[in-house]
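Mind having a look at this structure? Questions to follow.
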Amino acid sequence: MNEVKRKINYTVVCVNEFAQRFHITSKEAFFYLYDHKGIEFLKEHYDIEHTLSLDDAIDDLIIICRKNGGSY
């Protein structure tokens with residue numbers, strides 16, 4: 001699998017895990033993460049983030065989104 005597909009798959013997993021943690025739909029999670037720079041963060045820091053546990057990655061997304069006006 002090439003790197004682009006790996007990044008996409010990882011992003012999808014993170015979006016779904018974020019949705020589960022906050023009991024929202026995957027679509028709501030995606031738009032929330034997109035609006036609050038979480039998707040951008042995953043793209044920019046994939047090399048490090050994919051080596052962490054999913055719980056740690058979601059915790060990082062929460063921090064990034066809150067810094068950018070998010071409420072979760």
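Where a number appears in this text, it was derived from the coordinates with a stated rule and is not lab data. For clarity, every value in this text was computed on a predicted model and none was experimentally measured.
In deg cm²/dmol, rounded to 500, what helix-only [θ] at 222 nm does the chain give when every DSSP H run of at least 4 residues adds -39500 (n - 2.57) and the total is split over its residues?
Per the formula, -23000 deg cm²/dmol.
Where does the Debye-calculated log10 I(q)/I(0) of the chain sit at q = 0.19 Å⁻¹, using only Cα point scatterers of equal weight, no solvent?
So the normalised log intensities are -0.67.
Let me know the number of lysine pairs in segment 3-67 closer than 20 Å at the Cα, not counting same-chain pairs under 8 apart.
The result is 9.
Would you list the membrane-span-like helices of the chain, meaning whole DSSP H runs whose alpha-carbon atoms span at least 27 Å along their axis and whose mean Kyte-Doolittle value is at least -1.0?
For the chain, where a helix must reach 27 Å along its axis and average at least -1.0, the hits are 3-22.
Can you tell me, using C-alpha contacts under 8 Å and at least 6 residues apart, the relative contact order of the chain as a whole percent?
That works out to 32 percent.
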